[in-house]
Every structure is written in C-alpha cells, then in structure tokens.
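Here the structure is laid out as structure tokens; the discussion comes afterwards.
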Amino acid sequence: MKGSYFDNFLSETRAAAENKSWQKQENPVVDTEFYSDYNIAKQRLSHSLQTSVEEMDKLLVSFDNKWVPSNGKKYWFTNYDDLLRGLRTLVWEKNVKTCHTDDPDSYLWTEIGLDAFLKKEKVKANSDSPNIQFFEVNKIIAESNTFLILGNENTIKMLNNNAINVFVTGIEQIMKTADDIELYLKVLKDSDIKNNKKLFPILYTPTSKNKDNLFILDNMRSNVVNYVPQRSALACIHCGRCSQVCPVFKCAGHKAYDNIFSGPIANILLPHLETIDDYKFVSYACIMCGNCEKVCPISLPLREMIIENRRFFYEKGHLSYSEKSTFKKIGKAISNRKKLNKIKFVKTIKFRSLMSKDLRRHRKFPPFEKYSFNQQYIKNLKEKFK
Ligand code: SF4
C-alpha cells in the first residue's frame, strides 16, 4: 500500500457532518490509484477478515469491554425471536409509532422479519419524523466501540435527528482493527454491489444511551464458527460478485434465499444458519462450474466448501434412503466404462431410471452426448495418427 488515506476519509466524513454538506458530498471511497499492487492488497484483506473470524470470540469480548455504556446501549441476541422481543420492549417503552429504515432493500431486514414485525406492532413508515430508525451495520471494530455503516446521502442527516437509533448486525461482522476498512470499502466499491448506488461510509461512535442501541445477532453464526472447515465462509463481504456469475442464481434469483446470505455463499451457509433438512437443497443446487471462485475478491474456496457440506450431510444422516441409494447407483454406473460408452439413447434411458421417483419429479435428467468423452478422445487420436 502506498500510504493511508483513512484519516482523510474520516475527516471528510466528519467535516461533512459538521458542515451539513452531505447533500453535496461525492462518493469518498473512489481512489483507483491507491494500491500499488491491488491483488496483494486483496490477499491482505482476505487474511485480515479470516483472522477476525478465527478470533471472533476474543474480538467480541474486546468490543464488549471497549463499549462505553453511557454512550449507548448494546444487546446480544441468540436468534430472530430474541431480537424481535428486544425490539418490542423498546417500541413499547418509548411508545414508538413511526419509523424509518436507512436501506429498505437490505436483506438483513428480510432475514430478521422486520417488516412483518412493524406491521404487527402498528409502527408506520414515516421518513420525515420517525420515532425510531433502523440501520444495518457493516462492520464492528473490536479495538473500539465504533462501527461502520454504509449509508447514503441522507444517513448523516438521519443520525443527527432526535429519533431513537437501532443499529443491527451479525456477530461475523467483527473486525480486529480499522486498518483495513479503507481496503474493504474499495473492494466493495469495485464489486458494484447495491446496483451502482453510491456508498457513503460512516464510522459511527454512539453518543447517548437514550438514543443509540446496537443489536448484535448470533442466529447460528457461532454454529458455523465451531464447524472449522466452513468457518471462513463467514468472512464473506457480501460483495455479490459470485452471485453475478452463478448460473443457478441467475435462474433462482435473490428471493429464493430471502436471507442476507444469497447465491453461492448461501449454498454453504444457509443449511447451517437455518435447518439442514430444510436448506440442504441449496448445497445440491450448485453445478460446480467454479465461476464464483474465479471472481471472489477474498478467494474463498467455494466449490470445496459446497462439497464439504454434501459430505457432512451424508455422514450425519441428513439424506433420505432413496437419495442415498440413488447416489450410490449413479456412482457405480459412472465408474463403469462399458455403460458410459453405450449408445446415447440406451444410456440416457438407463441413467434416468436410476433416479428415484422423488428426484425425477423435480428434475429432468439431460440427454447424454452422442459419444462419451473417452470415445471422442480415442476418435481424435485415431484421426491424428492416420
Ligand atoms: S463469497 Fe461471493 S459475496 Fe462473498 S466475498 Fe466472495 S464473491 Fe463476494
């Protein structure tokens, strides 16, 4: 790295807050010349994020110790129900009637079921005079009681009004230090997440216990931390690149996941964050094309992790008898050269018949090519040496 512009970035953000110049502020993240070797910089980010996941328990304790209670309240929740109960207490205590959400499109709100909750509590959306405001937190910094919000032009204005603030994040968003925040922002910016929306990063330190509330959600993330082979998946920065190139995601779309994790990374995490039996299908949806791995800025071995999930489900007995026997029969058939070299029509019929009724109902087995790879290879060799 050539140097740090982190201080500039912070002072620009502060200046914007003091001068109330947020309406004029251009995106402060863009600086394409900043890294002398961007690939090495990305490796550094990957290392930093994965170390933060490895040391998550220690870092969360550090963040907890650094918290200044007079500046804001902090709550830990094990699951959605807990979180919504905490929110309900706040809504009742403060007699909340109106609300505003910083980024209504965020899938974090879908994950926790915020819309349905607000409807049930009769809290109406009102961006002009909200009693309560919701912000998604992108990173919490372990060495301080500060966190990062990726807002928009109105976010600073929102933070300066009199409403109660609720900041929500998952435990995996802990970051050891703020040193790599600038690099994290740059990588996000390059990935073009949020469909070209401008990123407006704010490092926020809570100011009042009557106003600022940080909600930190586990929701089975600690389950993934304990499952060592898949732990690094929590380092994902939600850049969305893997989804952009995933053929399965292109067909299924974001709605199929309805969670803050979607696309290839969700194929790994969702069965562990929700229930394996309900969500194991996402791990089998992958066709192993490997496009996701090629574009992941933090080089997560996504295919390997999906295979690890499948192995885990098999070993832990999450496959039904018919699924297990189908996979066994197909495995046996594809390791037999004679069967693979049969004529196209015969082998297509034979392989289709190997699939259980359950699988046949949802999927159509594609027809084989006229010649197997082995037959084509031998044919090409013969032609070459004619
Ligand atoms: S797994 Fe996907 S969303 Fe996560 S960092 Fe890699 S490319 Fe981005």
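Read the figures in this text as sums done on the coordinates, not as results from a lab. All values derive from a computational prediction rather than experimental measurement. Here the Cβ positions follow ideal geometry from the backbone for every residue, glycine too, while neighbour counts run over all protein chains shown.
Taking a temperature of 4 °C and a viscosity of 1.567 mPa s, what whole-number D in µm²/s does Stokes-Einstein yield for the chain with Rh from Kirkwood over alpha carbon pairs? Could the numbers behind the result be given before it?
Numbers: Rh = 23.6 Å.
For these conditions, the coefficient is 55 µm²/s.
What size of dipole, in debye to the nearest 20, comes out for the stretch 216-355 about its Cα centre when the only charges are +1 on Lys and Arg C-beta atoms and -1 on Asp and Glu C-beta atoms?
1300 debye
Ranked from highest to lowest mean number of other Cβ atoms within 10 Å per residue, what is the order of the peptides 256-263, 224-231?
256-263, 224-231
Once the dipole of the chain is set up with Lys and Arg at +1 and Asp and Glu at -1 on Cβ about the Cα centre, which of Asn374, Asn223, Pro206 lies farthest towards its positive end?
Value computed over the given set: Asn374.
Going by C-beta contacts inside 10 Å, put Glu293, Glu172 in order with the fewest on the left.
Fewest-to-most Cβ neighbours within 10 Å comes out as Glu293, Glu172.
Return the percentage of antiparallel bridges among DSSP beta bridges fully within the chain, rounded to the nearest 5 %.
On the way: 7 of 30 bridges.
Taking every DSSP beta bridge with both residues in the chain, the antiparallel ones total about 25 percent.
To the nearest 500 deg cm²/dmol, what mean residue ellipticity at 222 nm is calculated for the chain from DSSP H runs of n ≥ 4 alone, each contributing -39,500 (n - 2.57), summed and divided by the residues?
Here the helix-only value at 222 nm equals -14000 deg cm²/dmol.
Taking the Cα centre of the chain as origin, sum charge times position over the Cβ atoms of Lys and Arg (+1) and Asp and Glu (-1), and report the length of that vector in debye to the nearest 20.
3220 debye
Ranked highest first by average number of other Cβ atoms within 10 Å, how do 60-70, 141-151 line up? Kindly include the intermediate steps, with their values, before the conclusion.
On the way: 60-70: 13.6, 141-151: 20.9.
The packing order, highest mean first, is 141-151, 60-70.
Of the listed pairs Lys332/Lys370; Lys157/Lys294; Lys189/Lys316, which have alpha-carbon separations greater than 29 Å here?
Lys157/Lys294; Lys189/Lys316
In the structure shown, do any of Lys255/Lys328; Lys255/Lys364; Lys119/Lys186; Lys338/Lys364; Lys122/Lys211; Lys74/Lys97 have a Cα-Cα gap over 28 Å, and if so which?
Pairs exceeding the cut-off: Lys255/Lys328; Lys119/Lys186.
Could you name the aspartates and glutamates in cross-link range of Lys324, using Cα to Cα under 13 Å and dropping any fewer than eight places away on the same chain?
Glu315, Asp358
Using +1 at the C-beta of Lys and Arg and -1 at the C-beta of Asp and Glu, which of Asn162, Gln50, Ser62 has the Cα lying farthest in the positive direction of the dipole of the chain?
Going by the Cα projections, it comes out as Gln50.
Quick one: Glu323, Glu153, Glu315, fewest Cβ neighbours within 10 Å first, how do they rank?
Glu315, Glu153, Glu323
For Lys294 and Asp115, FRET efficiency with R0 = 30 Å and r from the beta-carbon atoms, rounded to 0.05? All intermediate terms of the calculation are to be shown ahead of the outcome.
On the way: r = 36 Å, r/R0 = 1.19.
Step by step, r from the Cβ atoms, then E = 0.25.
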